[in-house]
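The values are calculated or read from the model by the stated rules, or taken from the named source; none is laboratory data. The structure displayed is predicted, hence computed values, not measured ones. Cβ sites come from the backbone with ideal geometry, for glycine too, and all protein chains shown count toward neighbours. Each accessible area value is taken on the protein alone, full model and side chains, heavy atoms only, with ligands, DNA and RNA left out. Shrake-Rupley method; radii C 1.70, N 1.55, O 1.52, S 1.80 Å.
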Amino acid sequence: MTTEPGSGTPLLPGVAHPLPDAPEPGGNTLGGGCLTVLALIVEIPVAFLIALSLGMRGWAQSTSQKMESPGHVGPPPMDWVPVLWLGAFTLAVLVVAGLFLRSGHPIAGAVQLLVGAVVLAATIAVGTTEHERAHPAPLPQCPTRAGVPCAPQDPGAPPANDRGSQGHQCRSGGNSDECADSGR
């Protein structure tokens, strides 16, 4: 039985032998570098356009909220558009990285994985910010009534401890024993 020169692997009779001068995958660093530069030349303007459009969209929403009807109560709903746009861009970068790695260009694939990690971190940050904006922390508890959340008061409303026409101003909102001019 014959063996392949230099490896000791047995060769089957009648099977074509591999060419000894075949290029090895990943050995072409110039091609990987060119692919990396080409991918970055495409991705940087796309990322800039996404950031510009989302920034303009956020600016337009901030000005439209000022003109919103006075009857609107509560936090705004979660805005999924920035999360979905950045998520799609992240997915595209990671698919390109996978294609580069699969085609035997590890340098270009590694750079794309790093870009994908940065964009994924930005996507998570935007998603977290949007979630916190749409789901604010609960209001603090009132110090005088346990279990009742404090809410911003109407500026024209009298204070909660005002006795009205009697002229008694209570210090803590409690009973008449604590009022300043209750006579006790």
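Using the structure shown, decide if S53 is open to solvent by 60 Å² or more (accessible area, probe 1.4 Å), within 27 Å of V126 (Cα to Cα), of a type outside the set (K, R) and at pLDDT 80 or above. Steps first, please.
Values: open to solvent by 60 Å² or more (accessible area, probe 1.4 Å): yes; within 27 Å of V126 (Cα to Cα): yes; of a type outside the set (K, R): yes; at pLDDT 80 or above: yes.
Spelling it out, S53 is indeed open to solvent by 60 Å² or more (accessible area, probe 1.4 Å), within 27 Å of V126 (Cα to Cα), of a type outside the set (K, R) and at pLDDT 80 or above.
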- How about the stretch 87-111: which of its residues are open to solvent by 30 Å² or more (accessible area, probe 1.4 Å) and aliphatic (A, V, I, L, M)? A88, L91, A92, L94, V95, V96, L99, L101, I107, A110, V111
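A quick yes/no check of all residues on (1) among the aromatic types (F, W, Y); (2) touching a Ser or Thr at 6+ places or on another chain (Cβ under 7 Å); (3) surrounded by 15 or more Cβ atoms within 10 Å (Cβ to Cβ); (4) modelled with pLDDT of 85 or more:
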position: A22; (1), (2), (3), (4): no, no, no, no
position: N28; (1), (2), (3), (4): no, no, yes, no
position: Q61; (1), (2), (3), (4): no, no, no, no
position: H72; (1), (2), (3), (4): no, no, no, no
position: L113; (1), (2), (3), (4): no, no, yes, yes
position: V119; (1), (2), (3), (4): no, yes, yes, yes
position: A122; (1), (2), (3), (4): no, no, yes, yes
